[in-house]
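See structure below.
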Amino acid sequence: MKRPRQRTIRLRLTLIYSGLFLLAAAMLLTFTYALVARSLTTSAEKAPSTASASAYDKQLTGECRQVMSEAKKRLLPAADKGLFSKCQQGFTQGVRLGATSQRDVAVHQLLLYSLIGLGVMGVASGVVGWVVAGRALRPVHAITGAARRASEENLGERLALTGPDDELKELADTYDAMLARLDAAFASQRRFVANASHELRTPLTVMRTAIDVTLAKPDRTPAQLEGMAVEVAAAVDRAEALIEALLTLARSDRGPVSREQADLAVLAEDAVDAAGPAIRAGSLRLETALTTAPTHGDLVLLDRMVANLVDNAVRHNQPGGWIQVATGMRGDAAYLAVTNGGPTIEPDQAPLLFEPFRRLCDPAAGPAGAGLGLSIVRSVAVAHQGDVIARARPAGGLDVSVLLPGNGVDMTKNSHV
């Protein structure tokens with residue numbers, strides 16, 4: 001069964017406008033009618049005492065006296081002594097009846113013309129209300145049309161509504177901002193899927209190539225098989241590390257699973273100890289200033305965040321370079337700062353390092369890495385209501401600072417420090 005079409009908001013607004021106008025007009029008409037009717041009734045009751053009635057009274061009195069005088073001269077029967085009083089009463093009654101008749105006609109015409117005017121203005125108000133409601137709702141129709149046309153492949157359209165800075169323009173601007181965020185999110189998701197597919201395909205390709213090349217040789221030696229096994233094992237390790245990074249990134253995007261007390265100083269010390277062999281292999285100079293930095297959250301994610309920062313500083317450094325790791329408190333926030341020397345980075349490129357699979361160098365020419373280290377750092381920080389900032393150093397290298405809510409801060413609030 002087809003659902004009956006509901007009344008549109010434009011029709012409802014028109015009915016509301018017209019109803020309010022008719023109600024106000026009816027109240028005004030009732031008040032005016034009552035006031036005029038009362039005024040005319042009072043005037044009719046006092047009609048004989050007006051200046052015009054006094055003039056007619058004097059004229060009637062004179063004419064009655066003249067008639068009585070002529071009657072005496074002509075020897076007519078004695079005139080009625082109450083003639084003057086009767087004439088005066090007749091005149092008064094006539095004036096009153098005339099005033100009442102005139103009042104009834106005036107009140108009837110007032111009511112008739114007022115009702116006709118009310119009907120005409122009611123129709124006019126309905127037409128005007130329909131037009132005004134349509135113009136007022138035009139931005140809503142534009143938003144509805146844009147929402148219907150929007151899809152994953154068509155998120156570039158914007159309303160760009162012009163006009164007064166009212167609620168409808170605010171709604172349109174909010175809708176445009178939402179589309180911009182969705183467009184950026186879908187674009188980032190597409191890049192992420194494409195990069196993840198490429199990164200996962202690379203170790204598979206290496207394994208397939210090593211296996212095919214070795215099996216294609218008619219006389220395979222144990223050394224060749226062992227070499228193939230080493231290449232396959234290295235590719236498996238790379239794929240495993242990539243999958244683990246992707247799982248960590250997905251877990252951090254969902255937010256902390258557990259909330260435990262943690263100290264960034266302890267986590268940083270453990271990360272530095274774990275990176276000790278790589279630091280010594282690169283002849284890097286390490287400086288630490290680790291003071292207590294209590295926070296709370298998911299220990300697994302926080303440990304991975306700190307380890308990624310230290311590993312990033314070691315990996316993207318220069319032989320004989322340096323690393324500085326510092327922790328502490330800044331007000332109510334716990335901070336972790338990891339600074340390292342290395343290649344020169346453009347200032348506008350530093351924030352882009354937090355995007356997944358973003359690399360500023362050729363992976364084939366530099367250290368191996370999936371490009372997810374700093375992405376995981378930002379995701380973990382945001383999941384803990386924190387913030388992370390990367391700044392390029394003029395002399396080369398990178399300075400990354402993480403701020404997380406301290407133990408005294410309510411993590412349920414969006415306290416972006």
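Computed from the coordinates by the stated procedures, all read-outs in this text should not be read as laboratory data. All values reported here derive from a predicted model rather than from experimental measurement. When we count neighbours, we look across all protein chains shown, and the Cβ atoms used for this are built from the backbone with ideal geometry, even at glycine.
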Sort M178, M207, M305 so that the residue with the fewest other Cβ atoms within 10 Å of its own Cβ comes first and the one with the most comes last. M178, M207, M305
Using amide H atoms built in the peptide plane, which far-off residues or other-chain residues are under 5 Å from W322 H to H? R285, G341
Under 5 Å between amide hydrogens, which residues at least 5 positions from A262 or on another chain qualify, with H placed 1.01 Å from N in the peptide plane? T295, H296, G297
Assuming R0 = 56 Å, can you tell me the calculated FRET efficiency for the pair L137 and A223, based on Cβ-Cβ distance, to the nearest 0.05? 0.10
Integer Hz, Karplus 6.51/-1.76/1.60 couplings in order for region 321-329, x for Gly and Pro: x, 9, 9, 10, 10, 9, 9, x, 10
Just want the ordering: T162, T144, from fewest to most Cβ atoms lying within 10 Å of their own Cβ. T162, T144
Let's test the formula: R0 of 35 Å, r as the Cβ-Cβ distance of V120 and E157. What FRET efficiency results, to the nearest 0.05? 0.20
Across region 9-24, in residue order, what do the Karplus-derived ³J(HN,Hα) couplings come to in whole Hz, using 6.51 cos²θ - 1.76 cosθ + 1.60 with θ = phi - 60° and x for Gly and Pro? 5, 5, 5, 5, 5, 4, 5, 5, 4, 5, x, 5, 5, 5, 5, 5
Under Karplus coefficients 6.51, -1.76 and 1.60, residue-wise ³J(HN,Hα) of region 258-266 in Hz, glycine/proline x: 10, 10, 10, 6, 9, 10, 4, 5, 5
Computed label-point distance, nm, for sites L23 and L204 using a 7 Å Cα→Cβ extension: 6.9 nm
Check G396: other-chain or 5+ apart residues with amide H under 5 Å from its amide H, H built from backbone geometry? I345
Please state the relative contact order of region 260-417 as a whole percent: Cα pairs under 8 Å, 6+ residues apart? 24 percent
